[in-house]
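The values are calculated or read from the model by the stated rules, or taken from the named source; none is laboratory data. Just so we're clear, the structure is a prediction, and the values are computed from it rather than from any experiment. Counting neighbours? That spans all protein chains shown, and the Cβs are built from the backbone with ideal geometry, glycine included. Side chains included, ligands, DNA and RNA excluded: accessible areas come from the protein's heavy atoms. Shrake-Rupley method; radii C 1.70, N 1.55, O 1.52, S 1.80 Å.
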Amino acid sequence: MSIWQIIRRLFPYVRPYRALVAATLLLTLLGALTAQVNPFVLRYTVDTVQRLLHEHRGLAAGFPLLLGISGILLGKEVISAALDFGQSYFGEEIRVYVSSALSQDAVRRILSYRLGFYAAGSNQTGRLQTRLDKGVDALMKLVQDLFIDIFPLLANAAVSLVVMFGASWRVGLVALAVLPVYFGLSYRQALQLSGVRRAMRHLKEDKNHGLLNLMDSAVVIKSFVREGYEEEKQNHLQQELRDTQLRMRKTNFLYNGLKSLVEQLGVVAVVVLTAYLVLGGELSIGAIMFNIMLFHNVSAPIQQLHRMYDELNEVHTYSEAFFEMLDAPGAVEPSGPVQPTHLRGTFELRHVDFSYPSGTQALYDVSLTIEAGRTTALMGLSGAGKSTVVNLLCKFYEPQGGEILLDGRPLTDYDTHALREHMGLVLQKNHIFKGTVEENIRYGNLHATAEQVRDAARQAHLHDQLALLPNGYQTDAQQLSGGQQQRIAIARLFLKNPPIIFLDEPTASLDAVTTEQIKASLDALKQGRTVVIISHSLSQIVDADRTYVLEQGRVVENGVHQELYEQGGAYRRIFDASARSLNLEKLAQTLTF
Ligand code: ADP
């Protein structure tokens, strides 16, 4: 992405504030013009004072002059301060508005991305966050540089140069001669830094990501006593970051020093040349002051320009990454035109092949039917592809081969959001947001009344348990037990009330008593809905109206419990192994039902 393309991408964000931009530009331009007052006043002062001295008229005649000059300079400073205030304030307003619009747009875009986007290595949480923060910061600099600083600065330098040429073309030429050297140095500096900056960005992202990971993995790190190993990994990154930083600083110091030198040489050249012209009688003595100040008016903005030039390169790297994130090709979830009002929930998979973006092929030629209003179980060893089937049914991913129909229509035809309004998902471990139990349940229907929330909690057998807690529904949901969190997830679905429900090992991480209680809530939830359940729990499998057995991404058997059991194939093997793991023989000796 070239810097021009980046600027063009910024325009839509700045356009709503064009009146502010115009006001800021005008104020800064006026500021630049008032900056030219000093050289003129000082030249006039020096020349007049010199003339008065020459005429031996001294203080008496000079007094009105001093009064007049003070008035003009003071007035100019007051105007300058007011302009400065207005310019800074409007500039800040533009930056703040544009930056919040950019951040909000990024958040909206990221939320619209498909699941595969988050899984890609370059998009892990820490990296995305760095890219977003740094990107917005960088673009703000760009807004500041382009829309607020650059034109008035150029105008300031240009006006000063013109005035210098007007006073003496030779002095003007000297001032002009310095500029290409200055630009040349800035350009070389930028070239040397561009690769280093990109490396810095990657290292910083790695470091942020690494730190987040450390916190996530604290328990494992400590239990394996791998603190030293992890520290060494971080240390390695830190060293690279340090070396890169030092290299960048060294280059900057060298070039900034050279540029200062060139500027000082310019000042010396202007002084010497002007003094020569004054001695030759071509210019008045006031011209020495006049030219030095004007040269300063030329070089000061140019100093700023080099800063901008520098910044532009940095901005380039970060904003490129920011817009790449916004434009991630194929990242936005696909959606179709059909807005379903009533879905029955008959799914048909026909010869479906699917590989994850990482390349792992998870499903091979899978054909299966999920009947509306019935419970269909998916059974198989771990890694067989059961969750993948659910991922495809929820449209989290699209198959590469074959097709999926829902109520006779390709799944791709449906509007994705409208489709998911008709679906509910309970996983082995459900996400509980930071907040109260009530807020977490209400996620199922943001407009639910307190009474509806309580009803849902009752249906999920959570209400009575909450009544025992001092804060009841206002308890921090993340502090609840695994079983209670599972009930929150079920209560959410009661509130959402979708006709299609996917249960992916909903009781796998719970103890036996809780499993039995949750099973009762799940049975209530399953009433009158299309249900797809993945479970290792035999009691839940035997309840299913139809079971599909998957092995290494293929459907190997399907049927009802008794039929499958009698076939003596994969179902029987898994079923028997599960039963054996319960040690049924011994249990039978002890149990009295
Ligand atoms: P099951 O639910 O039967 O345990 P999955 O459907 O989760 O199995 O996994 C099927 C295969 O797909 C496995 O080989 C697994 O490693 C792979 N897989 C699952 N999820 C992902 C993912 N997000 N990215 C890449 N591969 C995945």
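What the phi angles of region 395-407 give under the Karplus curve with 6.51, -1.76 and 1.60, with θ = phi - 60°, is a coupling list of 6, 5, 9, 10, x, 7, x, x, 8, 10, 10, 10, 6 Hz, glycine and proline written as x. Using 12 Å as the cut-off for backbone N distance, which residues of region 194-233 belong to the label zone defined by a point 7 Å from the Cα of residue 240 along Cα→Cβ? Under 12 Å, as judged by backbone N against the label point of residue 240, lie 199-208, 210, 233 of region 194-233. If you take all other residues with their beta carbon under 12 Å from the beta carbon of residue 226, and give Lys and Arg +1 and Asp and Glu -1, the sum is -2. Solvent exposure of the chain, expressed per residue, is 52 Å² of accessible area, with all protein chains present and a 1.4 angstrom probe. With both labels modelled 7 Å from their Cα along Cα-to-Cβ, the residue 405 to residue 467 distance reads 5.0 nm. Working note: Karplus 6.51/-1.76/1.60 with θ = phi - 60° gives region 350-356 the couplings 10, 6, 7, 10, 8, 10, 6 Hz, where Gly and Pro are set to x. Think of each Lys and Arg Cβ as +1 and each Asp and Glu Cβ as -1; about the Cα centre, that makes the dipole of the chain roughly 1240 debye.
Straight-line cross-link partners of residue 76 among the lysines, defined as a Cα under 27 Å from its Cα and at least 8 positions apart when in the same chain, are absent. Say each of residue 565 and residue 421 gets a label point 7 Å from the Cα, pointing the same way as Cα to Cβ; how far apart are those two points in nm? Here the answer is 4.3 nm between the modelled labels.
Give me the percent of the accessible area of the chain that comes from carbon and sulfur atoms, probe 1.4 Å, all protein chains in place.
Numbers: 18340 of 30940 Å².
That fraction is 59 percent.
What relative contact order, as a whole-number percentage, does the chain give when Cα pairs under 8 Å and 6 or more residues apart are counted?
On the way: 763 pairs, mean separation 86.2, N = 593.
Across the chain, relative contact order equals 15 percent.
With a Förster radius of 22 Å applied to the beta-carbon distance between residue 292 and residue 183, the computed FRET efficiency rounds to 0.50. Length available on full extension from residue 73 to residue 230: 0.36 nm per residue minus the Cα-Cα distance, which gives 50.2 nm. Of all lysines in the structure, those lying under 16 Å Cα to Cα from residue 233, and not within fewer than 8 positions of it along the same chain, are 204, 207, 222. So if we plug the beta-carbon distance of residue 154 and residue 398 into 1/(1 + (r/R0)^6) with R0 = 51 Å, what FRET efficiency do we get, rounded to 0.05? Working from the Cβ atoms, E equals 0.50. For residue 434 and residue 324, the difference between the fully extended length at 0.36 nm per residue and the C-alpha to C-alpha distance is 36.5 nm. Computed from point charges on the beta carbon alone (+1 for Lys and Arg, -1 for Asp and Glu), the dipole magnitude for region 346-409 about its Cα centre is near 160 Debye.
For a 32 Å ceiling on Cα separation, which of these pairs sit above it: 134/496; 386/496; 395/429? All intermediate terms of the calculation are to be shown ahead of the outcome.
Values: 134/496 38 Å; 386/496 24 Å; 395/429 20 Å.
Over 32 Å apart, Cα to Cα: 134/496.
Only helices enter this figure: runs of n ≥ 4 DSSP H residues, each worth -39500 (n - 2.57), summed and divided by the residues of the chain, yield -22000 deg cm²/dmol at 222 nm to the nearest 500. In terms of its Cα atoms, the chain spans 128, 50, 48 Å along the principal axes, sorted from long to short. A simple count of charges around residue 273, restricted to other residues whose Cβ falls under 15 Å of its Cβ and scoring Lys, Arg +1 and Asp, Glu -1, yields 0.
Comparing 466, 284, 71 along the charge dipole axis of the chain, the residue lying farthest to the positive side is 284, per the Cβ-charge model.
Estimated from the Cβ-Cβ distance and a Förster radius of 22 angstrom, the FRET efficiency linking residue 455 and residue 481 is about 0.50.
Modelled label positions at residue 218 and residue 260, each set 7 Å beyond Cα in the direction of Cβ, lie 4.6 nm from each other. A full extension of the chain between residue 272 and residue 192 corresponds to an added length of 25.3 nm, given 0.36 nm per residue minus the alpha carbon distance.
Counting Lys and Arg as +1 and Asp and Glu as -1 over every other residue whose Cβ lies under 13 Å from the Cβ of residue 515, the net charge comes to -2.
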